[in-house]
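K.L.:
I am attaching a structure below and will ask some questions about it afterwards.
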Amino acid sequence: MMRQYELVERVKRYNPATNEALLNRAYVYAMRAHGSQKRASGDPFFAHPLEVAGILTDLRLDDATIVAAVLHDTVEDTAATLDEISAIFSPEIGALVDGLTKLKRLDLVSKRAVQGENFRKLLLAVAADVRVLLVKLADRLHNMRTLHHMPPDKRIRIAEETLDIYAPLSGRMGMQELREELEDLAFRNLKPEIYATITQRLSGLSEKSGRLVESIEQDLTAKLGARGIAAEVTGRQKRPYSIWSKMERKSVAFEQLSDIFGFRVVVETLEHCYGALGVVHTSWPMVPGRYK
Ligand code: MN
(Lines give C-alpha, C1' and ligand atoms only; values in the text may rest on other atoms or scores of the structure.)
Protein backbone atom coordinates (compact mmCIF):
# COMPACT_ATOMS: atom_id res chain seq x y z
CA MET A 1 0.00 0.00 0.00
CA MET A 2 1.23 3.47 -0.87
CA ARG A 3 2.72 5.23 2.14
CA GLN A 4 1.74 8.72 3.17
CA TYR A 5 5.12 10.21 2.21
CA GLU A 6 5.04 8.37 -1.15
CA LEU A 7 1.80 10.09 -2.12
CA VAL A 8 3.26 13.47 -1.16
CA GLU A 9 6.49 12.70 -3.06
CA ARG A 10 4.60 11.73 -6.20
CA VAL A 11 2.68 15.00 -6.22
CA LYS A 12 5.75 17.07 -5.35
CA ARG A 13 7.59 15.68 -8.36
CA TYR A 14 5.38 17.70 -10.72
CA ASN A 15 3.97 20.27 -8.28
CA PRO A 16 6.62 21.56 -5.84
CA ALA A 17 4.07 24.04 -4.43
CA THR A 18 1.68 21.30 -3.35
CA ASN A 19 -0.14 21.69 -0.06
CA GLU A 20 1.49 18.83 1.85
CA ALA A 21 -0.60 19.31 4.96
CA LEU A 22 -3.76 18.95 2.90
CA LEU A 23 -2.58 15.71 1.28
CA ASN A 24 -1.54 14.31 4.66
CA ARG A 25 -4.89 15.21 6.19
CA ALA A 26 -6.74 13.45 3.36
CA TYR A 27 -4.58 10.35 3.75
CA VAL A 28 -5.24 10.07 7.46
CA TYR A 29 -8.94 10.93 7.13
CA ALA A 30 -9.63 8.28 4.47
CA MET A 31 -7.50 5.67 6.24
CA ARG A 32 -9.49 6.14 9.45
CA ALA A 33 -12.82 6.27 7.61
CA HIS A 34 -12.24 3.01 5.72
CA GLY A 35 -10.82 1.37 8.84
CA SER A 36 -10.69 -2.38 8.45
CA GLN A 37 -12.82 -2.58 5.25
CA LYS A 38 -11.42 -5.04 2.73
CA ARG A 39 -11.40 -5.29 -1.06
CA ALA A 40 -12.51 -8.47 -2.87
CA SER A 41 -8.80 -9.26 -3.16
CA GLY A 42 -8.47 -9.29 0.62
CA ASP A 43 -6.37 -6.10 0.51
CA PRO A 44 -7.29 -3.26 2.84
CA PHE A 45 -9.93 -1.14 1.10
CA PHE A 46 -7.87 2.00 1.67
CA ALA A 47 -5.29 0.73 -0.84
CA HIS A 48 -7.87 1.38 -3.60
CA PRO A 49 -8.40 5.15 -3.22
CA LEU A 50 -4.62 5.50 -2.88
CA GLU A 51 -4.04 3.67 -6.16
CA VAL A 52 -6.65 5.88 -7.81
CA ALA A 53 -4.84 8.96 -6.51
CA GLY A 54 -1.58 7.45 -7.78
CA ILE A 55 -3.00 7.07 -11.30
CA LEU A 56 -3.99 10.73 -11.19
CA THR A 57 -0.52 11.84 -10.11
CA ASP A 58 0.70 10.26 -13.36
CA LEU A 59 -1.69 12.67 -15.10
CA ARG A 60 -0.18 15.50 -12.99
CA LEU A 61 -3.46 16.68 -11.52
CA ASP A 62 -3.99 19.44 -8.98
CA ASP A 63 -4.20 18.98 -5.19
CA ALA A 64 -8.00 19.18 -5.03
CA THR A 65 -8.33 16.30 -7.53
CA ILE A 66 -5.76 14.13 -5.75
CA VAL A 67 -7.48 14.74 -2.41
CA ALA A 68 -10.90 14.00 -3.95
CA ALA A 69 -9.47 10.73 -5.27
CA VAL A 70 -8.24 9.74 -1.81
CA LEU A 71 -11.69 10.55 -0.39
CA HIS A 72 -13.80 9.35 -3.32
CA ASP A 73 -15.44 6.34 -1.64
CA THR A 74 -15.73 7.71 1.89
CA VAL A 75 -19.20 9.28 1.70
CA GLU A 76 -20.81 6.28 0.01
CA ASP A 77 -19.03 3.54 1.93
CA THR A 78 -18.16 4.94 5.37
CA ALA A 79 -19.62 7.16 8.10
CA ALA A 80 -18.01 10.27 6.57
CA THR A 81 -20.35 13.03 5.43
CA LEU A 82 -20.11 15.67 2.75
CA ASP A 83 -20.57 18.50 5.25
CA GLU A 84 -17.67 17.21 7.26
CA ILE A 85 -15.46 16.89 4.18
CA SER A 86 -16.32 20.41 2.98
CA ALA A 87 -15.55 21.75 6.44
CA ILE A 88 -12.29 19.86 7.00
CA PHE A 89 -10.93 20.20 3.46
CA SER A 90 -12.70 22.82 1.35
CA PRO A 91 -16.03 23.42 -0.36
CA GLU A 92 -14.23 22.79 -3.68
CA ILE A 93 -13.10 19.33 -2.54
CA GLY A 94 -16.55 18.73 -1.05
CA ALA A 95 -18.11 19.44 -4.44
CA LEU A 96 -15.75 17.00 -6.20
CA VAL A 97 -16.50 14.23 -3.70
CA ASP A 98 -20.22 15.02 -4.03
CA GLY A 99 -19.98 14.56 -7.81
CA LEU A 100 -18.20 11.23 -7.34
CA THR A 101 -20.77 10.04 -4.81
CA LYS A 102 -23.57 10.92 -7.25
CA LEU A 103 -21.82 9.08 -10.08
CA LYS A 104 -21.46 6.04 -7.89
CA ARG A 105 -25.17 6.04 -7.11
CA LEU A 106 -25.91 6.53 -10.79
CA ASP A 107 -23.83 3.43 -11.46
CA LEU A 108 -26.05 1.37 -9.21
CA VAL A 109 -29.37 2.61 -10.49
CA SER A 110 -29.27 3.37 -14.16
CA LYS A 111 -26.85 0.86 -15.60
CA ARG A 112 -29.61 -1.35 -16.92
CA ALA A 113 -32.14 1.31 -17.70
CA VAL A 114 -29.96 3.49 -19.84
CA GLN A 115 -27.94 2.43 -22.86
CA GLY A 116 -24.31 3.27 -23.56
CA GLU A 117 -24.57 6.58 -25.38
CA ASN A 118 -27.24 7.97 -23.08
CA PHE A 119 -25.40 6.85 -20.01
CA ARG A 120 -22.33 8.67 -21.27
CA LYS A 121 -24.39 11.83 -21.67
CA LEU A 122 -25.80 11.36 -18.21
CA LEU A 123 -22.30 11.03 -16.78
CA LEU A 124 -21.22 14.23 -18.47
CA ALA A 125 -24.27 16.07 -17.14
CA VAL A 126 -23.74 14.90 -13.57
CA ALA A 127 -20.03 15.60 -13.62
CA ALA A 128 -20.17 19.34 -14.14
CA ASP A 129 -16.49 19.56 -13.22
CA VAL A 130 -14.25 17.59 -15.59
CA ARG A 131 -12.03 16.63 -12.62
CA VAL A 132 -14.88 14.47 -11.31
CA LEU A 133 -14.78 12.46 -14.52
CA LEU A 134 -11.01 12.12 -14.33
CA VAL A 135 -11.26 10.61 -10.84
CA LYS A 136 -14.09 8.38 -12.04
CA LEU A 137 -12.01 7.10 -14.95
CA ALA A 138 -8.99 6.46 -12.72
CA ASP A 139 -11.33 4.66 -10.30
CA ARG A 140 -12.57 2.47 -13.14
CA LEU A 141 -9.04 1.80 -14.32
CA HIS A 142 -7.95 0.54 -10.90
CA ASN A 143 -11.11 -1.57 -10.62
CA MET A 144 -10.36 -3.06 -14.04
CA ARG A 145 -6.74 -3.77 -13.09
CA THR A 146 -7.99 -5.76 -10.10
CA LEU A 147 -11.04 -7.30 -11.79
CA HIS A 148 -9.73 -10.88 -11.58
CA HIS A 149 -10.63 -10.90 -7.88
CA MET A 150 -14.33 -10.56 -8.76
CA PRO A 151 -16.75 -13.44 -9.38
CA PRO A 152 -17.19 -14.22 -13.13
CA ASP A 153 -20.68 -12.73 -13.61
CA LYS A 154 -19.67 -9.41 -12.06
CA ARG A 155 -16.47 -9.42 -14.06
CA ILE A 156 -18.38 -9.67 -17.32
CA ARG A 157 -20.85 -6.96 -16.44
CA ILE A 158 -18.13 -4.54 -15.38
CA ALA A 159 -15.99 -5.31 -18.44
CA GLU A 160 -18.94 -4.76 -20.79
CA GLU A 161 -19.77 -1.48 -19.13
CA THR A 162 -16.14 -0.41 -19.42
CA LEU A 163 -16.12 -1.13 -23.13
CA ASP A 164 -19.51 0.54 -23.72
CA ILE A 165 -19.07 3.62 -21.58
CA TYR A 166 -15.76 4.35 -19.90
CA ALA A 167 -13.29 3.49 -22.67
CA PRO A 168 -15.04 5.63 -25.32
CA LEU A 169 -15.42 8.42 -22.76
CA SER A 170 -11.66 8.40 -22.07
CA GLY A 171 -11.01 8.55 -25.80
CA ARG A 172 -13.31 11.50 -26.23
CA MET A 173 -11.56 13.30 -23.42
CA GLY A 174 -8.30 12.86 -25.31
CA MET A 175 -6.81 10.19 -23.03
CA GLN A 176 -5.88 7.54 -25.55
CA GLU A 177 -3.54 5.57 -23.32
CA LEU A 178 -6.21 5.26 -20.65
CA ARG A 179 -8.71 4.25 -23.30
CA GLU A 180 -6.46 1.52 -24.64
CA GLU A 181 -5.67 0.08 -21.25
CA LEU A 182 -9.38 -0.01 -20.36
CA GLU A 183 -10.18 -1.68 -23.68
CA ASP A 184 -7.48 -4.32 -23.31
CA LEU A 185 -8.47 -5.12 -19.73
CA ALA A 186 -12.13 -5.45 -20.72
CA PHE A 187 -11.27 -7.53 -23.79
CA ARG A 188 -9.11 -9.85 -21.71
CA ASN A 189 -12.03 -10.50 -19.37
CA LEU A 190 -14.71 -10.84 -22.04
CA LYS A 191 -12.79 -12.97 -24.58
CA PRO A 192 -9.91 -14.58 -22.70
CA GLU A 193 -9.04 -17.13 -25.43
CA ILE A 194 -8.97 -14.62 -28.28
CA TYR A 195 -7.03 -12.19 -26.11
CA ALA A 196 -4.45 -14.88 -25.36
CA THR A 197 -4.10 -15.84 -29.04
CA ILE A 198 -3.61 -12.27 -30.20
CA THR A 199 -1.17 -11.51 -27.39
CA GLN A 200 0.89 -14.58 -28.31
CA ARG A 201 0.96 -13.61 -31.97
CA LEU A 202 2.01 -10.09 -31.08
CA SER A 203 4.86 -11.24 -28.89
CA GLY A 204 5.93 -13.73 -31.58
CA LEU A 205 5.94 -10.87 -34.04
CA SER A 206 7.97 -8.54 -31.87
CA GLU A 207 10.50 -11.34 -31.30
CA LYS A 208 10.80 -11.87 -35.05
CA SER A 209 10.98 -8.20 -35.94
CA GLY A 210 13.32 -7.54 -33.05
CA ARG A 211 14.24 -3.90 -32.90
CA LEU A 212 12.23 -3.06 -36.00
CA VAL A 213 10.25 -0.21 -34.45
CA GLU A 214 13.36 1.35 -33.03
CA SER A 215 15.33 1.04 -36.25
CA ILE A 216 12.52 2.59 -38.32
CA GLU A 217 12.30 5.43 -35.79
CA GLN A 218 16.01 6.13 -36.16
CA ASP A 219 15.97 5.69 -39.92
CA LEU A 220 13.05 8.05 -40.39
CA THR A 221 14.44 10.64 -37.98
CA ALA A 222 17.73 10.62 -39.91
CA LYS A 223 15.99 10.88 -43.29
CA LEU A 224 13.92 13.82 -42.04
CA GLY A 225 17.00 15.43 -40.52
CA ALA A 226 18.76 15.22 -43.88
CA ARG A 227 15.96 17.39 -45.31
CA GLY A 228 16.26 19.88 -42.49
CA ILE A 229 13.11 18.66 -40.74
CA ALA A 230 13.39 18.37 -36.96
CA ALA A 231 10.85 15.77 -35.94
CA GLU A 232 9.85 13.64 -33.00
CA VAL A 233 9.23 10.12 -34.31
CA THR A 234 7.59 7.50 -32.13
CA GLY A 235 6.57 4.03 -33.19
CA ARG A 236 4.49 1.42 -31.47
CA GLN A 237 2.72 -1.84 -31.82
CA LYS A 238 -1.06 -1.92 -31.95
CA ARG A 239 -2.82 -3.17 -28.85
CA PRO A 240 -4.74 -6.48 -28.69
CA TYR A 241 -8.22 -4.96 -28.52
CA SER A 242 -7.62 -2.61 -31.40
CA ILE A 243 -6.28 -5.50 -33.50
CA TRP A 244 -9.26 -7.66 -32.68
CA SER A 245 -11.81 -4.95 -33.46
CA LYS A 246 -10.15 -4.37 -36.83
CA MET A 247 -10.21 -8.10 -37.60
CA GLU A 248 -13.89 -8.13 -36.71
CA ARG A 249 -14.75 -4.97 -38.61
CA LYS A 250 -12.99 -6.03 -41.79
CA SER A 251 -13.50 -9.79 -41.40
CA VAL A 252 -9.81 -10.45 -41.90
CA ALA A 253 -7.25 -12.77 -40.32
CA PHE A 254 -4.35 -11.60 -38.19
CA GLU A 255 -1.93 -12.26 -41.10
CA GLN A 256 -3.91 -9.94 -43.34
CA LEU A 257 -3.55 -6.94 -41.07
CA SER A 258 -1.14 -4.48 -42.59
CA ASP A 259 -0.90 -1.89 -39.84
CA ILE A 260 0.23 -3.66 -36.72
CA PHE A 261 3.00 -1.11 -36.32
CA GLY A 262 2.27 2.60 -36.38
CA PHE A 263 4.51 5.64 -36.35
CA ARG A 264 3.77 9.17 -35.29
CA VAL A 265 5.80 12.07 -36.65
CA VAL A 266 5.48 15.41 -34.86
CA VAL A 267 6.96 18.48 -36.56
CA GLU A 268 6.94 22.22 -35.90
CA THR A 269 5.30 23.67 -39.00
CA LEU A 270 2.74 22.82 -41.66
CA GLU A 271 5.46 23.03 -44.28
CA HIS A 272 7.54 20.45 -42.42
CA CYS A 273 4.45 18.30 -42.11
CA TYR A 274 4.08 18.07 -45.90
CA GLY A 275 7.84 17.69 -46.20
CA ALA A 276 7.76 14.76 -43.80
CA LEU A 277 4.92 13.14 -45.74
CA GLY A 278 7.06 13.40 -48.89
CA VAL A 279 10.02 11.77 -47.15
CA VAL A 280 7.85 8.92 -45.92
CA HIS A 281 6.34 8.33 -49.37
CA THR A 282 9.67 8.30 -51.16
CA SER A 283 11.26 6.00 -48.55
CA TRP A 284 8.53 3.37 -48.20
CA PRO A 285 6.21 2.38 -51.04
CA MET A 286 2.58 3.01 -50.30
CA VAL A 287 -0.05 0.37 -50.81
CA PRO A 288 -2.55 1.45 -53.51
CA GLY A 289 -6.00 2.00 -52.12
CA ARG A 290 -4.73 2.08 -48.54
CA TYR A 291 -3.83 5.73 -48.38
CA LYS A 292 -5.68 7.49 -45.62
MN1 MN B 1 -13.69 3.52 -5.96
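K.L.:
K104: which aspartates and glutamates have alpha carbons under 14 Å from its alpha carbon, excluding same-chain residues fewer than 8 sequence positions away?
P.N.:
Leaving aside aspartates and glutamates fewer than 8 places away in the same chain, those within reach of K104 are D73, E76, D77, D139, E161.
K.L.:
Compare the Cα positions of A53, S90, A79 along the charge dipole of segment 1-93 (+1 at Cβ of Lys, Arg; -1 at Cβ of Asp, Glu; about the Cα centre) and return the one farthest towards the positive end.
P.N.:
The residue sitting most towards the positive pole is A53.
K.L.:
A further question on this structure: Choose one of Y29, V287, Q176: the residue whose Cα lies farthest towards the positive end of the charge dipole of the chain (beta-carbon charges +1 Lys, Arg; -1 Asp, Glu; about the Cα centre).
P.N.:
Positive-most Cα among the choices belongs to V287.
K.L.:
A further question on this structure: Of the listed pairs K12/K38; K208/K238; K102/K154; K136/K238; K191/K246; K121/K246, which have alpha-carbon separations greater than 18 Å here? Before the final figure, lay out each step's value.
P.N.:
Numbers: K12/K38 29 Å; K208/K238 16 Å; K102/K154 21 Å; K136/K238 26 Å; K191/K246 15 Å; K121/K246 26 Å.
Where the Cα-Cα span goes over 18 Å, the pairs concerned are K12/K38; K102/K154; K136/K238; K121/K246.
K.L.:
Probe of 1.4 angstrom, ligands and nucleic acids ignored: what's the accessible area per residue over the chain, in square angstrom? Let's see the in-between values first.
P.N.:
Values: 16040 Å² over 292 residues.
Each residue of the chain exposes 55 Å² on average to a 1.4 Å probe.
K.L.:
I would also like to ask the following. For segment 175-279, taking Cα atoms only, what is the radius of gyration to one decimal and the Dmax to the nearest whole Å?
P.N.:
Spelled out, the Cα radius of gyration and Dmax of segment 175-279 are 16.4, 48 Å.
K.L.:
Treating only the Cβ of Lys, Arg, Asp and Glu as charged (+1, +1, -1, -1), what charge dipole size does segment 1-89 show about its Cα centre? Round to the nearest 20 debye. Don't skip to the answer; put the middle values down first.
P.N.:
Working: 9 positive and 13 negative charges, 59 e Å.
For segment 1-89, the charge dipole is close to 280 debye.
K.L.:
Which residue, chosen from H149, L220, S258, occupies the Cα position most advanced towards the positive end of the dipole of the chain, where the dipole is computed from +1 (Lys, Arg) and -1 (Asp, Glu) charges on Cβ about the Cα centre?
P.N.:
Of H149, L220, S258, it is S258.
K.L.:
Alpha carbons only, please: Rg and Dmax for segment 121-245, in angstrom.
P.N.:
Gyration radius and largest Cα-Cα distance of segment 121-245: 18.4, 58 Å.
K.L.:
Most mobile of N118, N189, N143 per a Gaussian network model of the chain (Cα springs, under 10 Å)?
P.N.:
N118
K.L.:
Using the Cα centre as the reference, give the magnitude of the dipole from point charges on the C-beta atoms of segment 33-163 (Lys, Arg: +1; Asp, Glu: -1; all else neutral), rounded to the nearest 20 debye. Could you put the intermediate results ahead of the total?
P.N.:
Details: 17 positive and 19 negative charges, 124 e Å.
Computed about the Cα centre, the dipole is about 600 debye.
K.L.:
At a 1.4 Å probe radius, carbon and sulfur cover how many percent of the accessible area of the chain? Write down the numbers at each step before the final one.
P.N.:
Details: 8450 of 16040 Å².
The value for the chain is 53 percent carbon and sulfur by accessible area.
K.L.:
How large, in Å, is the chain by the Kirkwood hydrodynamic radius built from its alpha-carbon pairs? Spell out each step's value before the answer.
P.N.:
Values: mean 1/r = 0.0460 Å⁻¹.
After inverting the mean inverse Cα-Cα distance, the result is 21.7 Å.
K.L.:
Note down the magnitude of the dipole of the chain about its Cα centre, charges +1 on Lys and Arg C-beta and -1 on Asp and Glu C-beta and zero elsewhere, to the nearest 20 debye. Walk me through the numbers on the way to the answer.
P.N.:
Numbers: 41 positive and 39 negative charges, 160 e Å.
Magnitude of the dipole: close to 780 debye.
K.L.:
Per-residue ellipticity at 222 nm for the chain, helices alone: DSSP H runs ≥ 4 residues times -39500 (n - 2.57), over residue total, nearest 500 deg cm²/dmol? Don't jump to the answer; show the numbers that get you there.
P.N.:
Details: 16 runs with 194 residues, N = 292.
After summing the helix terms and dividing by residue count, I get -20500 deg cm²/dmol.
The values are calculated or read from the model by the stated rules, or taken from the named source; none is laboratory data. What you see is a predicted model; the values in this text were computed from it and never measured. Every residue, glycine among them, receives a Cβ derived from its backbone with ideal geometry; neighbour counts consider all protein chains shown. Heavy atoms of the whole protein, side chains included, go into the accessibility calculation; ligands, DNA and RNA do not. Shrake-Rupley method; radii C 1.70, N 1.55, O 1.52, S 1.80 Å.
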